[in-house]
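Step one of this worksheet: look at the structure below.
The values are calculated or read from the model by the stated rules, or taken from the named source; none is laboratory data. These numbers come from a predicted model, not from an experiment. Neighbour counts run over all protein chains shown; Cβ positions are idealised from the backbone, glycine included.
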Amino acid sequence: MRASGTLVDSVRRVALITGCGKALGIGSACARALSAAGFSLVLTDIVPLGLANDLDEDQDSPPGWRGIESLGREIVQQGGQSICLTGDVSIEADATRLVRQTLDHFGRLDVLVNNAGAPHGDDRVDIESLSLEAWERVMSINVRGAFLMSREAVRPMRRQRWGRIINMASAVVRHPMRERAAYIASKSALIGLTEAMALDVADSGITVNAVCPGSVRTARALSSTRRAGFSDIESGLAERARGIPVGRHAEAAEIAATVSFLCSAPAGYLTGQSLFVDGGGLPRPATQPHP
Ligand SMILES: NC(=O)c1ccc[n+]([C@@H]2O[C@H](COP(=O)([O-])OP(=O)(O)OC[C@H]3O[C@@H](n4cnc5c(N)ncnc54)[C@H](O)[C@@H]3O)[C@@H](O)[C@H]2O)c1
């Protein structure tokens with residue numbers, strides 16, 4: 001049975017999630033959780049399948065997976081509602097269009113999950129080797145993208161006097177690691193953006209929070225495990241999970257559960273916060289690779 005707590009005068013609330021093309025991703029897990037909670041979904045990614053990390057492999061997705069289109073079909077089959085849109089969050093015109101198409105289709109926008117994240121690649125290097133191009137790529141997706149999407153989303157949310165914005169940051173901001181300068185700077189900026197935006201919209205019924213996952217078992221983590229030199233993924237993940245206090249990676253659904261809570265009516269007094277969903281902390285030593 002689907003939840004009904006998300007009905008507003010018998011209209012379903014609407015959630016837009018960026019970066020949900022990956023089968024194992026945090027974005028698709030958020031879509032499944034919010035659909036189960038009664039939200040209509042706007043499933044977005046830059047391309048339907050999502051951008052690959054440098055060491056993603058075909059086996060990281062179920063056979064026949066077609067990205068947001070498969071996710072949309074799955075949601076509708078389970079009784080939910082969704083539309084699929086493509087767009088680059090770092091491009092102003094795309095951010096404007098994604099929100100406009102949402103309003104054209106559903107007539108409202110209640111939740112924005114800024115989940116899109118720059119894929120792994122040439123940013124994973126020592127500071128001396130970090131190119132300006134790699135730095136700009138990470139910052140433009142992780143920070144500018146969240147800013148552009150949020151600015152567009154706030155307009156209809158203010159009119160409705162209700163909204164939830166969730167920024168997917170990272171627990172790595174609390175436990176910095178080597179060869180992550182652009183990524184950590186971008187996620188730290190995202191937390192700053194969260195705190196500042198939360199104040200701007202606090203009197204409009206809109207909350208803004210950051211979720212900071214630890215190591216989550218997504219394509220990103222599998223790619224990172226391959227990069228760390230493990231050919232057997234399961235033993236690589238187990239090895240890399242030693243040092244996480246709970247002793248394992250998170251499942252994406254465990255991050256999505258926190259997002260779902262933040263989108264619920266009783267969470268309306270919680271704003272400007274960063275929630276660390278990291279199993280008690282990231283692995284030590286600080287040199288250990290992390291997604
Ligand atoms: N997996 C982890 O362990 C972990 C840990 C901490 C934080 N995070 C963060 O959570 C988020 C999701 O992580 P994931 O592991 O599911 O990643 P993922 O690589 O599986 O998914 C990221 C998605 O973002 C999309 N994207 C990239 N550039 C985009 C753009 N310009 N416009 C629109 N979409 C774009 C990609 O296509 C991809 O589908 C990311 O922001 C990531 O930094 C992940």
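Only residues that are more than 11 Å from the ligand (Cβ to nearest atom) and either of a type outside the set (A, V, I, L, M) or surrounded by fewer than 24 Cβ atoms within 10 Å (Cβ to Cβ) (or both): list them for region 25-53, please.
Of everything in region 25-53, those that are more than 11 Å from the ligand (Cβ to nearest atom) and either of a type outside the set (A, V, I, L, M) or surrounded by fewer than 24 Cβ atoms within 10 Å (Cβ to Cβ) (or both) turn out to be R32, A33, S35, A36, A37, G38, F39, S40.
Say whether the condition of being at pLDDT below 95, more than 19 Å from S188 (Cα to Cα) and away from the ligand (no atom under 12 Å from the Cβ) is met by at least one residue in region 203-220.
no
Just wondering, is there one or more residues in region 47-68 that are within 23 Å of D110 (Cβ to Cβ), assigned to a strand (DSSP E or B) and out of contact with any helix residue (DSSP H, G or I) (no Cβ under 7 Å at 6 or more places or on another chain)?
Scanning region 47-68, I find no residue that is within 23 Å of D110 (Cβ to Cβ), assigned to a strand (DSSP E or B) and out of contact with any helix residue (DSSP H, G or I) (no Cβ under 7 Å at 6 or more places or on another chain), so the answer is no.
Write out, first by first residue and then by second, each pair whose Cβ atoms fall under 8 Å of each other, whose residues are 6+ apart or on separate chains, and whose first residue, in region 117-138, is under 15 Å from E179 (Cβ atoms) while the second is polar (S, T, N, Q) and outside any helix (DSSP H, G or I).
These pairs meet every condition: H120/N53; G121/N53; D122/S131.
Among residues belonging to region 121-173 that are of a type in the set (S, T, N, Q) and within 11 Å of the ligand (Cβ to nearest atom), point out the one that is surrounded by the fewest Cβ atoms within 10 Å (Cβ to Cβ).
S140
Evaluate region 206-219: report whether one residue or more is under 16 Å from N53 (Cβ atoms), under 15 Å from the mean Cα position of the chain (by Cα) and aliphatic (A, V, I, L, M).
Yes: one or more hits.
G21 versus (1) without any contact (Cβ under 8 Å) to a residue 60 or more places away in the chain; (2) out of contact with any Gly (no Cβ under 7 Å at 6 or more places or on another chain): which is the lone unmet condition?
Unmet condition: (2).
Which residues, counting only those in region 190-218, are among the β-branched types (V, I, T), closer than 20 Å to W162 by Cβ and not in a helix (DSSP H, G or I)?
Hits for region 190-218 are I206, T207, V208, V211.
Out of A95, A118, report the one residue that is surrounded by 15 or more Cβ atoms within 10 Å (Cβ to Cβ), among the small types (G, A, S), within 16 Å of the ligand (Cβ to nearest atom) and over 21 Å from S223 (Cβ atoms).
Result: A95 is the single residue among A95, A118 that is surrounded by 15 or more Cβ atoms within 10 Å (Cβ to Cβ), among the small types (G, A, S), within 16 Å of the ligand (Cβ to nearest atom) and over 21 Å from S223 (Cβ atoms).
Hey, among I83, I75, which residue is at pLDDT 95 or above, among the aliphatic types (A, V, I, L, M) and outside any helix (DSSP H, G or I)?
On inspection, the qualifying residue turns out to be I83.
Taking G236 and the conditions (1) free of Cβ contacts under 8 Å to residues at least 60 places away in the same chain; (2) within 23 Å of the chain's Cα centre (by Cα), which numbered condition does it fall short on, given that it satisfies the others?
Exception for G236: condition (2).
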